[in-house]
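Everything below concerns the one structure shown next.
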Amino acid sequence: AQHQNLITNVHNRNVTNLSGKWRYLTDVNRERRGYEKDMVPIEKWDIHEYNFPTSDWLYVPGDWNTQRENLFYYDGHVWYRKKFTYDKDENKRLFIYFGAVNYKAEVYLNDILLGKHVGGFTPFNFEIPDSLLQEENSLVVLADNVREFDGVPSFRTGWWNYGGITRDVLLVELNNTFIRDYYVQLDKNSPNTIKGFVQLDGQALSQNVAIEIPELNKTIKGKTNKDGKYEFKEKIANVDYWDVDNPKLYKVKVVSETDTVQDKIGFRTIATEGTDILLNGKPIFLRGISIHEENPLGEGRAWSREHAMVLLNRAKELNCNFVRLAHYPHNEHIYRVADEMGMLVWEELPLFWAIDWESEKAYKIAENMATEMVTRDKNRASIIIWSVANETGDHDARNKFLTGMIEHTRSMDDTRLISAALLKNAKKSTKKVKVVDDYLGKYSDIISINEYFGWYQGLPQIKDSIRWDIQFNKPFLFSETGAGALQGFHGDSLTRWTEDYQSYYFRETIEMCERIPTLRGLSPWILNDFLSPQRVFPYIQDNFLRKGLISDRGEKKEAFYILRDYYKKKAERNR
Ligand code: GCU
């Protein structure tokens, strides 16, 4: 298995950020010169043709596609190099941590391989042994965004295949035995019970540990076992529950004999009861919007806390209490900002469209990605739904693969709801009655459907006569619905690509929603226009998918205000 020693809450540790300009070399022939055959460091490669000191640079974090014109469509190998000095305390351990590298990474320090990772949207870290550190260190990373049919996602996606070191790179200095991971959440069935674990990493694994929540006068004490793990389940009282209108975060201190970690954690329960979704025991309607991880202030991958603030403030302005962060785990900052702002979150694995469901390799990649996603984010109150897929066909191989993923995800965290963006049963559906009976619905807590009637099929008024036959007594939500419009292009409401058509689509969609008594939410597609490989229509799309309520230049379209006003009414009625 890939490394399973992921350090959590890494931004609150003793870190050195390696962001900035890194040298890079494209390796179009994927020759891997110097790193497989003769282990000659890249610098010593043929100095006239191929060496870092004279090469160009890229900003890290950042995708390469939007930093260099000639890398816009590049699917391939890029070698990055960063030189750094580090004065390490000999009584400490040093790790290198990557927020994400899309899609495969190989990490070398001073010409020695530290480790490899597969998966473009979850973090990983490797320990740096003292023996490897030098006066000046050469960190070399191979980033490989070549798409694979048995990859996760597979070869075809609905978003740009941004390659590179797309998130933070941090040196993390830790004590010889440190607190690598911990889980502190409310028990899913009991708002007066707190449960979780503390996991140490190092030699001295049997230690006294404590979880302190000063504001609740609560200290949970215990002793880790020989594997360095302490599990707890304790009564707790007087909790000020985290809620979208009261995003209360408690200072939580995890203490061992050799390490201390501080975090801010919200306590809430999320459950379903029949067709209702209950937040802290009260029914809630999810007033949502879907969001891709795209920089709202420029182009390419978003990765910073500032990007997250802009994206979630736009959702707040839309009167949302919920965001579907599609179609893959986003960077860690956005979940922490959602915790602080009081925004509910759907987090998703990129099991998107046609995955190679028979492939054991694909399953292992997905399983590891789910482990990294849940390990990183399991203490975030804002996340209420883990989604295991988007628009995948209902057949045996897929059902076996995804029920396995659901079991694996629940085994790591049983406090959150599980869902997936499903499709109607086209064979059983008629023009007027749309049947939803996807096999996966049996294993999902929420039935979520992507629908585009009035955009991909017919005109918006087609929705007047549509009825939904949801064959599960579970909460139902539209995980996608939307229509394209070029911002600033106006005409009549039946002219495609005008803001007027998009507005008409949303008015009809809202009326349809109001006719579905079991509907408990929607997350229309999508907050912002974004780069997508299929959307080439010149002068209208120009590589951008135009279903955003806001253009890629940050300009709102008419439909933004239609949805915003609808959500304002829903908030007042809370239904
Ligand atoms: C699918 C897919 C989205 C895509 C959308 C669309 O529903 O989930 O990623 O952008 O279709 O057609 O716009």
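The values are calculated or read from the model by the stated rules, or taken from the named source; none is laboratory data. None of the values given here were measured: they were computed from a predicted structure. Neighbour counts are summed over all protein chains in view; Cβ atoms, including those assigned to glycine, are modelled from backbone coordinates with ideal geometry. For accessibility, only protein heavy atoms count, side chains too; no ligands or nucleic acids. Shrake-Rupley method; radii C 1.70, N 1.55, O 1.52, S 1.80 Å.
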* To do: Determine whether the stretch 239-250 contains at least one residue that is open to solvent by less than 10 Å² (accessible area, probe 1.4 Å) and part of a loop (DSSP other than H, G, I, E, B).
  => yes
* Asked: Do you know which residues across the stretch 526-540 are away from the ligand (no atom under 11 Å from the Cβ), at negative phi and over 22 Å from the mean Cα position of the chain (by Cα)?
  -> Val536, Phe537, Pro538, Ile540
* To do: Scan the stretch 132-139 and give yes if some residue there is surrounded by fewer than 24 Cβ atoms within 10 Å (Cβ to Cβ) and free of Cβ contacts under 8 Å to residues at least 40 places away in the same chain, otherwise no.
  => yes
* Specify the residue that is most open to solvent (accessible area, probe 1.4 Å); the eligible residues are those in the stretch 211-220 that are in a strand (DSSP E or B) and within 17 Å of Thr193 (Cβ to Cβ). => Thr219
* Structure fact -> Pairing a residue in the stretch 525-542 that is farther than 15 Å from Gly482 by Cβ with any residue that is open to solvent by 70 Å² or more (accessible area, probe 1.4 Å) and within 14 Å of the ligand (Cβ to nearest atom), where Cβ atoms lie under 8 Å and the two sit 6 or more apart in sequence or on different chains, gives Asp542/Val536
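The rows are residues; the columns are (1) basic (Lys, Arg); (2) under 25 Å from Lys474 (Cβ atoms).
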position	(1), (2)
Asp245	no, no
Val255	no, no
Lys264	yes, no
Arg287	yes, yes
Ser304	no, no
Pro329	no, yes
Ile334	no, no
* Just one of (1) in a loop (DSSP other than H, G, I, E, B); (2) touching a His at 6+ places or on another chain (Cβ under 8 Å); (3) surrounded by 21 or more Cβ atoms within 10 Å (Cβ to Cβ) trips up Ala143, so point out which. => (1)
* Asked: Which number in (1) of a type outside the set (Gly, Ala, Ser); (2) open to solvent by less than 40 Å² (accessible area, probe 1.4 Å); (3) within 16 Å of the ligand (Cβ to nearest atom); (4) in contact with an Asp or Glu (Cβ under 8 Å, 6 or more places away or on another chain) marks the one condition that Trp455 misses?
  -> (4)
* Just for the stretch 297-347: of the residues that are among the charged types (D, E, K, R) and open to solvent by 20 Å² or more (accessible area, probe 1.4 Å), which one is modelled with the lowest pLDDT? -> Glu299
* Structure fact -> Selection from the stretch 380-394 of residues within 20 Å of Ala326 (Cα to Cα) and open to solvent by 10 Å² or more (accessible area, probe 1.4 Å) yields Glu391, Gly393
* Got a number for residues in the stretch 63-92 being within 17 Å of Val169 (Cα to Cα) and open to solvent by 10 Å² or more (accessible area, probe 1.4 Å)? -> 6
* Asked: Restricting to the stretch 395-426, what's the tally of residues that are open to solvent by 10 Å² or more (accessible area, probe 1.4 Å) and under 15 Å from Gln471 (Cα atoms)?
  -> 4
* To do: Starting from the stretch 469-498, take each residue that is farther than 25 Å from Leu527 by Cβ and list its partners that are at pLDDT below 95 and more than 16 Å from the ligand (Cβ to nearest atom), counting only C-beta distances under 9 angstrom and pairs at least six apart or across chains.
  => Ile470/Thr518; Asn473/Thr518; Lys474/Thr518
* Can you pull out the residues in the stretch 161-176 that are in contact with a Lys or Arg (Cβ under 9 Å, 6 or more places away or on another chain) and assigned to a loop (DSSP other than H, G, I, E, B)? -> Asn161, Tyr162, Thr166, Arg167, Asn176
* Structure fact -> Restricting the stretch 540-562 to residues that are in contact with a Phe, Trp or Tyr (Cβ under 6 Å, 6 or more places away or on another chain) and part of a helix (DSSP H, G or I), the one least open to solvent (accessible area, probe 1.4 Å) turns out to be Ala559
* Candidates Asn51, Asn65 - the one that is outside any strand (DSSP E or B) and at pLDDT 85 or above -> Asn65
* Spans of strands (runs of 3 or more DSSP E) in the stretch 403-510 with at least 1 residues farther than 16 Å from Thr272 by Cβ and of a type in the set (Asp, Glu) -> 467-470, 476-480
* Structure fact -> Listed by range, strands (runs of 3 or more DSSP E) wholly within the stretch 317-392 having at least 2 residues that are touching a residue at least 24 places away in the same chain (Cβ under 8 Å) and away from the ligand (no atom under 16 Å from the Cβ) are 344-348, 383-390
* **Conditions (1) open to solvent by 20 Å² or more (accessible area, probe 1.4 Å); (2) not in a strand (DSSP E or B); number of the one not met by Gly120** => (1)
* Hey, any hits in the stretch 431-445 for a residue that's of a type in the set (A, V, I, L, M, F, W, C), within 15 Å of the ligand (Cβ to nearest atom), open to solvent by 10 Å² or more (accessible area, probe 1.4 Å) and more than 27 Å from the chain's Cα centre (by Cα)? -> no
